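Accompanying notes for the structure given below.
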Amino acid sequence: MSRYSLTTRVATREDAPVLAELWNDSLRRADRSEQNADLELVVKGAEASPEQRVVVVEYDGQLAGAVYLRITTLSPLNLEPCVQAIHPRVFDQFRRHGVGHTLMEAAAAFAEDNGILHVVAAVPHASRDTNRFMARLGIAPVAMYRIAPTTLLRSRISPQRSPVGADSGRTRVLAARRSLRRARAERLALPEA
C-alpha cells in the first residue's frame, strides 16, 4: 500500500484559479476571471504582511485544501489577540486523508510562532461535517455571524412608506378631518359674546 505525502506551503498567485474553485461559494458573485484576480490580490496582500498567510496543502502534488490565516483580535471589543482560520476548505476527493488536520496544524503553528493563545475558525454554519470536525478539534461555537443585503435589512427595520402621491385620496381625507377637528376645537375655545 503506497502512502501519499501531504505538503504544506504558502500560497502563490499562481494558485489563484484553484483557490477560486475551492472557495467559489465564499467569493463575491462575479465571473471566474474577476474571482481569480480577487484571490491574486488576497495572496499578494498576505505575502506582504507578517500578520496574514494563505496556506495550501498538497496531496501527492495536487492542491487539496487551503486556509486563510490572519492575526487580529477576538472582537473589536475584546482585544485579546487570536489567529483567525478563515474558510479552511478541502476538496471533496481529498477528504479523510488528513488535509483538514494539516490545515488546522498550520493555524496552530502560526499562532504559536506569533505567541498567540487562541485560534478562531470561521466555517459555514450549514456545513455539518466541517462543524463536527471543528468540534472534534476542540473549537467551540461562540457567535453566529449573520448577513443580509442592506436593502432587505432596511425594509425590515423601517416602517413601510408609501411613495409621494401614491395615496393622495386617503391623505386628503385625513387632512380634511384634522382641519375640521381643529376648527371645532377653536370654536369651543372661543368665549361667546
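The values are calculated or read from the model by the stated rules, or taken from the named source; none is laboratory data. Note that the structure is predicted; figures quoted are calculated from it, not measured. All Cβ positions, glycine included, derive from the backbone under ideal geometry; neighbour counts span all protein chains shown. Each accessible area value is taken on the protein alone, full model and side chains, heavy atoms only, with ligands, DNA and RNA left out. Shrake-Rupley method; radii C 1.70, N 1.55, O 1.52, S 1.80 Å.
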Result of the Cβ filter at 7 Å on segment 83-94, keeping first residues that are part of a strand (DSSP E or B) and partners that are of a type in the set (Phe, Trp, Tyr), at least 6 apart or interchain, is Val83/Phe110; Ile86/Tyr68; His87/Trp23; His87/Tyr68; Arg89/Trp23
Considering only segment 62-75, I want to know if a residue exists there that is at pLDDT 95 or above and in a helix (DSSP H, G or I).
no
| said: Against the definition (more than 23 Å from Ile71 (Cβ to Cβ), touching a strand residue (DSSP E or B) at 6+ places or on another chain (Cβ under 6 Å) and open to solvent by less than 80 Å² (accessible area, probe 1.4 Å)), how does Phe94 come out, yes or no? | reply: yes
Taking segment 19-32 and keeping residues more than 23 Å from Val99 (Cβ to Cβ) and open to solvent by 80 Å² or more (accessible area, probe 1.4 Å) leaves Arg28, Arg29, Asp31, Arg32
For this session: Could you please let me know if Phe94 is in contact with a Phe, Trp or Tyr (Cβ under 9 Å, 6 or more places away or on another chain), closer than 21 Å to Thr8 by Cα and modelled with pLDDT of 95 or more?
Result: yes
Being in contact (Cβ under 8 Å) with a residue 24 or more places away in the chain and either open to solvent by 70 Å² or more (accessible area, probe 1.4 Å) or within 17 Å of the chain's Cα centre (by Cα) (or both) narrows Ala106, Ala111, Ala126, Ala122 down to just Ala122
Checking Gly61, Gly65 in turn, the sole residue that is in contact with a strand residue (DSSP E or B) (Cβ under 9 Å, 6 or more places away or on another chain) and surrounded by 15 or more Cβ atoms within 10 Å (Cβ to Cβ) turns out to be Gly65
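For segment 142-151, state whether one or more residues are of a type outside the set (A, V, I, L, M), loosely packed, with under 10 Cβ neighbours inside 10 Å and touching a residue at least 12 places away in the same chain (Cβ under 8 Å).
Yes, the conditions are met somewhere in segment 142-151.
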Residues of segment 1-18 being open to solvent by 70 Å² or more (accessible area, probe 1.4 Å) and among the hydrophobic types (A, V, I, L, M, F, W, C), in sequence order, are Met1, Val10
A careful count of residues in segment 134-184 that are part of a loop (DSSP other than H, G, I, E, B) and at pLDDT below 80 gives 9
All-but-one check, Thr102 against (1) in a loop (DSSP other than H, G, I, E, B); (2) touching a strand residue (DSSP E or B) at 6+ places or on another chain (Cβ under 7 Å), failing number (1)
Checked segment 105-132 for anything in a helix (DSSP H, G or I) and either at pLDDT 95 or above or aliphatic (A, V, I, L, M) (or both); matches are Glu105, Ala106, Ala107, Ala108, Ala109, Phe110, Ala111, Glu112, Asp113
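What's the total number of residues in segment 38-61 that are of a type in the set (Ser, Thr, Tyr) and either within 19 Å of Thr102 (Cα to Cα) or assigned to a helix (DSSP H, G or I) (or both)?
Residues in segment 38-61 being of a type in the set (Ser, Thr, Tyr) and either within 19 Å of Thr102 (Cα to Cα) or assigned to a helix (DSSP H, G or I) (or both): 1 in total.
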Might you check whether a residue that is aromatic (Phe, Trp, Tyr) and under 25 Å from Glu112 (Cβ atoms) occurs anywhere in segment 15-29?
-> no
